[in-house]
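Enquirer: Here it is, the structure, as structure tokens.
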Amino acid sequence: MSADAPERMSVIIPTLDEEDCLARTLRSVQALDPPAWEVLVVDGGSRDGTIRIAEAAGATVLRCARAGRGVQMNAGARAASGTLLCFLHADTLIPPDLTRLAARTLSDHSIACAGFISVMRTGGRVCWVVTAMNLLKTHLAPLLFRPLAFCRGLRLLFGDQVMVLRRETFWADGGFDERLTLLEDGDLCLRIVNQGRLTLIPRLVESSGRRVRAWGSFRAITTYLSIGILWGLGVAPERMRRFYEDVR
């Protein structure tokens, strides 16, 4: 398959009470050119209109236990039939050429996983400080705390950066660790670097700044910074959960 011929990409969206943002996200998925092979919305027990919105948009809806995003994303990956797996948060908007960009990047088999530059927006404005911290974290956290792995290609990608990887790469390391309810994406990065480099595609995706809106800028910045440092020091993600409550 040529670098310009997109592979079959399965878009997997974990949800839990996401009626406020899911419709916009699904519209951005529907605008993909070339289109996604399939769109799987994996719901963890929503009590609002999330499932109705997903079904109305033509997505395949899967239901699973309310046991964490890792459980939901693994369930989606098991049901997916595409050659590429794209893990997309329900509050993240993607560019229309994402399918082509991801396929072109992953045609280089020295690359195990690709992500994008996440811009965080709230109330019509960009949260520039949080956005810059997120971008710096991708490179700086592994450079400071995992320097040998950084030299082998480790980059710290989080879900709001839209992680895309080949199906066989994902399952070769067992997928997401379902015991984790936080930083399951960072944990996956640490494991798949043994299969190849992780890279950041220089293209923007837009994520909701709902935590910044709920917490305020100062608390959001200190929380994100603290979690990054604790991750680097090897603190178990479950011990960090108390700093990072769900915001809908």
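Enquirer: Identify, from the list Gly70, Gly82, Gly115, the residue that is within 15 Å of Ser10 (Cβ to Cβ), open to solvent by less than 10 Å² (accessible area, probe 1.4 Å) and among the small types (Gly, Ala, Ser). It would help to see each step written out before you state the result.
Expert: On the way: Gly70 fails: within 15 Å of Ser10 (Cβ to Cβ); Gly115 fails: within 15 Å of Ser10 (Cβ to Cβ).
It is Gly82.
Enquirer: Are there any pairs, at least 6 apart or on different chains, whose C-beta atoms fall under 8 Å, with the first in segment 101-120 and under 18 Å from Gly209 (Cβ atoms) and the second surrounded by fewer than 24 Cβ atoms within 10 Å (Cβ to Cβ) and among the basic types (Lys, Arg), and if so, which?
Expert: Phe116/Arg203; Ile117/Arg203
Enquirer: When you scan segment 118-132, how many residues do you find that are out of contact with any Cys (no Cβ under 7 Å at 6 or more places or on another chain) and open to solvent by less than 30 Å² (accessible area, probe 1.4 Å)?
Expert: Qualifying residue count, segment 118-132: 7.
Enquirer: Picking from Leu136, Leu148, Leu140, which residue would you name as being open to solvent by 10 Å² or more (accessible area, probe 1.4 Å), over 18 Å from the mean Cα position of the chain (by Cα), free of Cβ contacts under 8 Å to residues at least 40 places away in the same chain and closer than 25 Å to Glu206 by Cβ?
Expert: Details: Leu136 fails: over 18 Å from the mean Cα position of the chain (by Cα); Leu148 fails: closer than 25 Å to Glu206 by Cβ.
Criteria check complete, one pass: Leu140.
Enquirer: Also, quick follow-up: Of the numbered conditions (1) farther than 26 Å from Val119 by Cβ; (2) surrounded by fewer than 16 Cβ atoms within 10 Å (Cβ to Cβ); (3) not hydroxyl-bearing (Ser, Thr, Tyr), Ala31 fails exactly one; give the number of that condition.
Expert: The number of the failed condition is (1).
Enquirer: Residue by residue through segment 146-170, note down the ones that are of a type outside the set (Lys, Arg), within 22 Å of Leu98 (Cα to Cα) and outside any loop (DSSP other than H, G, I, E, B).
Expert: Gly159, Asp160, Gln161, Met163, Val164, Leu165, Glu168, Thr169, Phe170
Enquirer: For segment 35-60, which residues satisfy the criterion of being closer than 12 Å to Glu19 by Cβ and charged (D, E, K, R)?
Expert: If the condition is that a residue be closer than 12 Å to Glu19 by Cβ and charged (D, E, K, R), then Asp43, Arg47, Asp48, Arg52 are the ones that fit.
Enquirer: I've got another one for you. What's the number of the only condition in (1) at pLDDT below 95; (2) surrounded by fewer than 19 Cβ atoms within 10 Å (Cβ to Cβ) that Leu156 fails to meet?
Expert: Of everything listed in (1) at pLDDT below 95; (2) surrounded by fewer than 19 Cβ atoms within 10 Å (Cβ to Cβ), Leu156 misses just condition (2).
Enquirer: Going by the conditions given, is Ala220 modelled with pLDDT under 95 and of a type in the set (A, V, I, L, M, F, W, C)?
Expert: yes
Enquirer: Check segment 89-104 and report whether any residue there is closer than 19 Å to Gly175 by Cα and open to solvent by 30 Å² or more (accessible area, probe 1.4 Å).
Expert: For segment 89-104, residues closer than 19 Å to Gly175 by Cα and open to solvent by 30 Å² or more (accessible area, probe 1.4 Å): absent.
Enquirer: Working carefully through the options Arg78, Arg69, find the one that is of a type outside the set (Gly, Ala, Ser) and over 20 Å from Ser208 (Cα atoms).
Expert: Details: Arg69 fails: over 20 Å from Ser208 (Cα atoms).
Within the list Arg78, Arg69, the selection yields Arg78.
The values are calculated or read from the model by the stated rules, or taken from the named source; none is laboratory data. Note that the coordinates shown come from a computational prediction; the quantities given were computed from them, not determined experimentally. Methodologically, a virtual Cβ is constructed for each residue, glycine included, from the backbone with ideal geometry; neighbour enumeration extends over all protein chains shown. Side chains included, ligands, DNA and RNA excluded: accessible areas come from the protein's heavy atoms. Shrake-Rupley method; radii C 1.70, N 1.55, O 1.52, S 1.80 Å.
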